[in-house]
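The values are calculated or read from the model by the stated rules, or taken from the named source; none is laboratory data. In this text the structure is predicted, and so the values were computed from the model without any measurement. Glycine also receives a Cβ, built like all others from the backbone with ideal geometry; neighbour counts cover every protein chain displayed. The protein model used for the area step is the full one, side chains on, heavy atoms only, and it has no ligands, DNA or RNA in it. Shrake-Rupley method; radii C 1.70, N 1.55, O 1.52, S 1.80 Å.
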Amino acid sequence: VSTLSEQLPAEDINPQITDSYLIKCCLQEDKQSFSLLYKRYQQKVRSTLYRFGTHANLDDLVQEVFIRVWKGLPRLRQSAHFSTWLYRITWNVATDEQRRWHQLYNQRQVLTQNLPVIPFNSQMEEIHYQDLVQRSLQTLSFDHRCVLVLHDLEERPQKEIAEILGIPVGTVKSRLYHARSYMREYLKQQGLEL
Amino acid sequence: MSDREDDLTLIEFLRQHQGVSPSPAPDLEARIMKSVAICPRLSPQRRYLWLIPSAIAVTSLCTWVGYQLFIPFTAPVQTAEVETFWTENWEIVFPELTSEYMTDSSTTLLAEEWLYYNTSLENGVSSAELTTYQR
């Protein structure tokens, strides 16, 4: 396998180059291929981590995910499942972060809840709704939040979510149902009937 | 509004207002590539380590299942063989007793006699004394 760095510049992310091919090159220590993998997936990893609720030190967490990917690539059994595997690593990193900062997290929630409701005009409506969605996600339990984010925002199928989180499909369905119910109730309490 | 429509409305709202994650630091990619350059990779061989506990578990399960299946099938056979062995040997050792007690319930009686005989031997009673005593 000739290295990709000989074939195209790093900025050129050709969608025809498959993940499997990039992984194959990465396994031969081709850093340029890894750079392409990073470019291809960094935004997805970043937004998933963000929606999982890890807002602080987001860059560090993205870095942690990609270092784990680089380390673990030799153990990836089926390169066709790279995307699922990447989501699982992302979820693992988010879970570790969640455990590490759990106490701080609770304190932050209390502070947020005590904040006065700021009146808004029409220009601020979008910002208000974004804040509402973020706050409602934050108050949702981590397990339910992950399922909701992966299914409703990342649009991953339930079977894949079960694989990513290592839980049965029935549990995914149950968590999704409860998460949606909770979100609806939370938004209703905030004066938003959906 | 049905549950399905409720769900779709909620999903639409969440997607529309989910917000955007903050932009990465300009040097993030460089930092990652620098870390990767000095980062040791995991050995691919270790991916098969999970086979060891799995093999132990499967072997234990097979042994247990085999043991459970083995007992009910072999026990009656062994019992029948032992009974036959007793009957045949009893005829040789005590022919007169055997002819006397050879009825349908002879197996039980012979077993009791045999146990009694063994106990006597252990207590130092000779076969001659036992024969006399029995008569």
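Couple of notes before you dig in:
- Residues of type lysines that A:Lys39 reaches as a straight line, Cα spacing below 23 Å, ignoring anything fewer than 8 places off in the same chain: A:Lys24, A:Lys31, A:Lys71, B:Lys34
- The convex hull of the Cα atoms of the range A:19-75, projected and averaged over all directions, covers 3.8 nm².
- Exposure rank, largest accessible area first [A:Met124, A:Met183; 1.4 Å]: A:Met124, A:Met183
- Rounded FRET efficiency, nearest 0.05, which uses the C-beta distance separating B:Thr84 from A:Gln158 and R0 of 45 Å: 0.10
- For the range A:47-79, heavy-atom accessible area (probe 1.4 Å) falls by no less than 20 Å² from the chain alone to the full protein assembly at A:Tyr50, A:Arg51, A:Asp59, A:Gln63, A:Ile67, A:Trp70, A:Lys71, A:Pro74, A:Arg75, A:Arg77.
- Distance between the 7 Å Cα→Cβ label points at A:Ser174 and B:Ser43: 4.1 nm.
- Solvent-accessible area of B:Phe13 with every protein chain in place, 1.4 Å probe, in Å² to the nearest 10: 20 Å²
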